[in-house]
């Protein structure tokens, strides 16, 4: 009887530790969030990657204090005509990285409340169907050309798409 | 008596609207057909031509002001957060890669969204990529004219009821024009600065 109780307690303790470890490892991870310099009043953009180590999920929206409205968008290429369309949600599958990059999916910041200046950063909160809200920090990159600039870092994410 | 009249006019009005819409649609189709017929009828593919636009400082810029230099033309809009900045960043990068050769090249950004893109907006936007890029806007008629000459398609795509709730569908191509103002070649706008620079070097040597 007594041995049983001890063993049960040990088992419960192990389960608790496992559950805690699981809870500390968020199933959704958002990385490489970046944005471009943009003027106040205009529109901006956020690119990032989402990896899922849990169950299949969906990215259903985003919010940021720097913009009046935030939408998920897709840039389409229709025979050389570029079109931008809102997307209701994007699938996030375990083992596959969802990449939001120039020329494809992006988070559109509509009506910037402030100018986005190079080197600064701002929060962007993503909403997932299962995982709930995940906040990432987007770093603003300079788009001005100049010899001192590391252009490979600015250009390459987009060029990889094509 | 009066109620029957009301009823009659009430039922006639929708029919009138439908008829008017029909006439309007027919006119639109005729216009589109005529445009296609005319543009298909002028022999060789002429791209580019005379234009009168306004730069970021409110000064008038015509095609003739740019003669003597190679010109790289891109049509876009400043509220475009994704495709246009990607291309213009690549153009700015291409200028750096071209070195001294870039002095013979004038890059132009022409807005297809004259409603929102004022001279000041266009100036600020163009300068955010490279001080060498000239941003141009104009009246809706001036923009329509230059877009027609470059065979650029653009259309407003409504996303909501607000005045700013729209994006622009637009052709995304770089046009390389010669120092005499004549069209040399289109350049794929979706390339790295390095690739754009290599293409320009080849086409201008």
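Data for the structure
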| read-out | value |
| --- | --- |
| Total residues in region B:187-200, condition touching a residue at least 40 places away in the same chain (Cβ under 8 Å) and either outside the structural domain of residue B:130 (by TED's automatic domain parsing) or in a strand (DSSP E or B) (or both) | 1 |
| Condition broken by residue B:154, with the remaining ones in (1) closer than 28 Å to residue A:117 by Cα; (2) surrounded by fewer than 21 Cβ atoms within 10 Å (Cβ to Cβ); (3) within 10 Å of chain A (Cβ to nearest Cβ); (4) touching a helix residue (DSSP H, G or I) at 6+ places or on another chain (Cβ under 9 Å) satisfied | (1) |
| Residue satisfying all of: in region B:157-180; more than 16 Å from residue B:112 (Cα to Cα) and in a strand (DSSP E or B); farthest from the other protein chains (Cβ to nearest Cβ) among these | B:177 |
| Any hit, region B:181-192, residues being within 18 Å of the chain's Cα centre (by Cα), buried (at least 22 other Cβ atoms within 10 Å of the Cβ) and more than 14 Å from chain A (Cβ to nearest Cβ) | no |
| All positions within region B:130-146 that are touching a helix residue (DSSP H, G or I) at 6+ places or on another chain (Cβ under 7 Å) and under 13 Å from residue B:74 (Cα atoms) | B:133, B:134, B:135, B:136, B:137 |
| Strands (runs of 3 or more DSSP E) enclosed by region A:32-106 - at least 1 residues per element that are touching a helix residue (DSSP H, G or I) at 6+ places or on another chain (Cβ under 7 Å) and more than 8 Å from chain B (Cβ to nearest Cβ) | A:44-52 |
| Among the residues listed as B:116, B:148, the single one being at the interface with another protein chain (Cβ under 10 Å from one of its Cβ atoms) and over 22 Å from residue B:69 (Cβ atoms) | B:116 |
| Check on residue A:62, more than 15 Å from the chain's Cα centre (by Cα) and modelled with pLDDT of 95 or more | no |
| Members of region A:78-101 that are under 22 Å from residue B:173 (Cβ atoms) and at pLDDT below 95 | A:78, A:79, A:80 |
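The values are calculated or read from the model by the stated rules, or taken from the named source; none is laboratory data. Note that the structure is predicted; figures quoted are calculated from it, not measured. Because the Cβ atoms are built from the backbone with ideal geometry, glycine has one as well, and the counts that use them run over all protein chains shown.
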